[in-house]
1. State yes or no: is Thr241 loosely packed, with under 14 Cβ neighbours inside 10 Å and outside any loop (DSSP other than H, G, I, E, B)?
2. Being part of a loop (DSSP other than H, G, I, E, B) and more than 9 Å from the ligand (Cβ to nearest atom) is the filter here; which residues of the stretch 266-285 pass it?
3. So which pairs qualify, if the first residue must be in the stretch 155-180 and farther than 17 Å from Gln106 by Cα, the second must be within 14 Å of the ligand (Cβ to nearest atom) and at pLDDT 90 or above, the Cβ gap must be under 6 Å, and the two must be at least 6 apart or on different chains?
4. Quick one: in the stretch 333-348, of everything that is open to solvent by 10 Å² or more (accessible area, probe 1.4 Å) and touching a Gly at 6+ places or on another chain (Cβ under 9 Å), which residue is nearest to the ligand (Cβ to nearest atom)?
5. Just for the stretch 233-265: of the residues that are aliphatic (A, V, I, L, M) and more than 9 Å from the ligand (Cβ to nearest atom), which one is farthest from Asp304 (Cα to Cα)?
6. Go through the stretch 181-193 and give me each residue that's closer than 20 Å to Ala120 by Cβ and either without any contact (Cβ under 8 Å) to a residue 40 or more places away in the chain or within 16 Å of the ligand (Cβ to nearest atom) (or both).
7. Looking only at the stretch 288-299, decide whether some residue is within 15 Å of the ligand (Cβ to nearest atom), modelled with pLDDT of 95 or more and among the charged types (D, E, K, R).
8. I'd like to check something: does the stretch 8-30 contain any residue that is at pLDDT 80 or above, open to solvent by less than 70 Å² (accessible area, probe 1.4 Å) and under 26 Å from Val451 (Cβ atoms)?
Amino acid sequence: MAQDTTGGPIDGLGAGQFSGFWKRLRANPPGWRLTIGVLGVTTVLWVLGRMHTPSSHAFWPWFGPSMLLAILAVGLMAVVLLATVRSPMIEPLFGGLDRAIRLHRQLAPWAVGLIVVHVAMLVPMTIGEGGSLGDLLIPFWSPTAFTPDSLALIALLIWTGFAYARWWSYEGWLALHNFIGPIFLIGTAIAIRNPGTTVVHYEPLRFWIWLLILVGLGAWAYRVAYRWIAPRFNYRVEAVTLRNHDTVDCILRPQDRRMLHEPGTFVFINRPGPEGKRWELHPFSVSSSPTERDLRISARMVGDFTRALPAMAPGEPVEVFGPFGGFTPHRYARYRRLVCIGAGIGITPFMAMLRFEASNNDFRRIWLWYVARTEADAPYDDELQDAVETADSYVDYELWLTSEKGRLTAQQVMEAVAPLDDYAVMLCGTPQFVRAMTKQFVAAGLPRERVIAEDFYFR
Ligand SMILES: Cc1cc2nc3c(=O)[nH]c(=O)nc-3n(C[C@H](O)[C@H](O)[C@H](O)COP(=O)(O)OP(=O)(O)OC[C@H]3O[C@@H](n4cnc5c(N)ncnc54)[C@H](O)[C@@H]3O)c2cc1C
């Protein structure tokens, strides 16, 4: 997993990656600041609360740290759940939904890992005190077994195993996320009710944990009820055009309100069908300019949903949710020079940006590379060439065919742009492309916060 987002972390915080932690924090501030704030408040309250907590166990080396890890996991889980809320009101906390989803992906294994370490630390303590490991780990082992605790742990581990299984369809995998709320609720309820814990004895900490529980459960409930309560824009299909063998443009016309978006942002769309009941949300960058009345989605046909798009009839209703994401030059007005690289269908956000260039009165120096395997795989080349002609900014555009020139590298881009070096780079494509290019740019000396990236992957 793990890619950069709008200047955000490229990889999860795996072993040996702590050296880059502060760089990532600097590069992807909002979500990480929130996370560190939550963990900080939790730790401070817990430390203060220790003074009020009688305990039948020795604090060191196992019991105290183990309890702290448990409530830190609760804090992380609350942030993880909040990060998945598809709401334009919540996403600024994370600097955009794309960043939020990536943070969610990075933090979730840590939340589960903390719970596992929390339990693992109780094992030597239990053995040392002559207790029963069966009571600690196995549900219904004896009348004194910690059955709710061990059941919650097992449910969490099974859920995590499923979440990382590759054989799920995207929709099945999304549906799996509906189960995490009850697991979170049971886990935190245990943390709160356990008589030996600081949470029980220290009111400010108890209040804080309740707040985290409410935030986590609220986020989960909103997600589960999204289908019914999420604000949406009603559009109808105006036209559908095949652009090449695997790419289709869908032009959508607003029925009542028009959605206002920043160029580069994305939406979820649903085709409710004639009965209005079908529900299958898929994210797509908007490839039309915000100044246009119609909304255009340009999709590569990779699976069930996208392959069915050409069959959409004019007039068919489409629900549009959003806009989401922080991958837009508007948020980076401080960078007057932009290097933009879109690989394959990753060109779509740049199409919106370039179309908007025709009217935005915001002169910038822009270099745009459209990376595709062959000319046949670059259906938007003509449109981009036309857009360059009418752009307000000064744009250098190049179609980079990998079948002829090999892979585009950061080194080649930097040489083309030299001697200038005060630009930001915007990248969009597959996670592999985004990750590789980000690493190359950072290795070549570009500050990480100047690499602004989006990949088309939410899983
Ligand atoms: C922020 C964002 C913006 C995007 N913008 C565009 C765009 O402008 N044009 C475009 O063609 N595609 C875009 N995508 C990808 C697009 O959402 C998926 O290709 C589409 O949902 C696939 O649906 P499907 O049923 O046709 O394929 P499926 O049968 O569901 O899957 C085919 C393959 O695509 C993967 N996939 C399916 N759904 C998603 C998903 N939501 N996110 C990531 N991978 C998925 C599956 O794991 C599988 O490998 C974007 C994705 C994101 C996250």
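The values are calculated or read from the model by the stated rules, or taken from the named source; none is laboratory data. Everything numeric in this text was worked out from a predicted model, so none of it was measured. All Cβ positions, even for glycine, are placed from backbone atoms using ideal geometry, and neighbour counts span all protein chains on display. To get the accessible areas, we keep the full protein, side chains included, count just its heavy atoms, and leave off ligands, DNA and RNA. Shrake-Rupley method; radii C 1.70, N 1.55, O 1.52, S 1.80 Å.
1. Numbers: loosely packed, with under 14 Cβ neighbours inside 10 Å: yes; outside any loop (DSSP other than H, G, I, E, B): yes.
Yes; evaluated as a whole, the condition is true for this residue.
2. Our first condition is that a residue be part of a loop (DSSP other than H, G, I, E, B); within the stretch 266-285, this holds for 271-281.
Those that are part of a loop (DSSP other than H, G, I, E, B) and more than 9 Å from the ligand (Cβ to nearest atom): Arg271, Pro272, Gly273, Pro274, Glu275, Gly276, Lys277, Arg278, Trp279.
3. Close Cβ pairs (under 6 Å, with a partner that is within 14 Å of the ligand (Cβ to nearest atom) and at pLDDT 90 or above) do not exist here.
4. Ile345
5. Going residue by residue through the stretch 233-265, those that are aliphatic (A, V, I, L, M) are 237, 239-240, 242, 248, 251-252, 259-260.
Right, trim to more than 9 Å from the ligand (Cβ to nearest atom) and you get 237, 239-240, 242, 251-252, 259-260.
Details: Val237: 19, Ala239: 20, Val240: 17, Leu242: 16, Ile251: 19, Leu252: 20, Met259: 26, Leu260: 28 Å.
The selected residue is Leu260.
6. The first filter runs over the stretch 181-193 and keeps only residues closer than 20 Å to Ala120 by Cβ, leaving 183, 186-188, 190-191.
Correct list: Ile183, Ile186.
7. Let us first name the residues in the stretch 288-299 that are within 15 Å of the ligand (Cβ to nearest atom), namely 288-289, 295-299.
When the remaining residues are screened for being modelled with pLDDT of 95 or more, the result is 288-289, 295-299.
When the remaining residues are screened for being among the charged types (D, E, K, R), the result is 296.
Checked the stretch 288-299: at least one residue is within 15 Å of the ligand (Cβ to nearest atom), modelled with pLDDT of 95 or more and among the charged types (D, E, K, R).
8. Applying the first criterion (at pLDDT 80 or above) to the stretch 8-30 yields 30.
In the following step, the residues that additionally are open to solvent by less than 70 Å² (accessible area, probe 1.4 Å) were identified as 30.
So of that shortlist, the ones also under 26 Å from Val451 (Cβ atoms) come out as 30.
Scanning the stretch 8-30, I find at least one residue that is at pLDDT 80 or above, open to solvent by less than 70 Å² (accessible area, probe 1.4 Å) and under 26 Å from Val451 (Cβ atoms), so the answer is yes.
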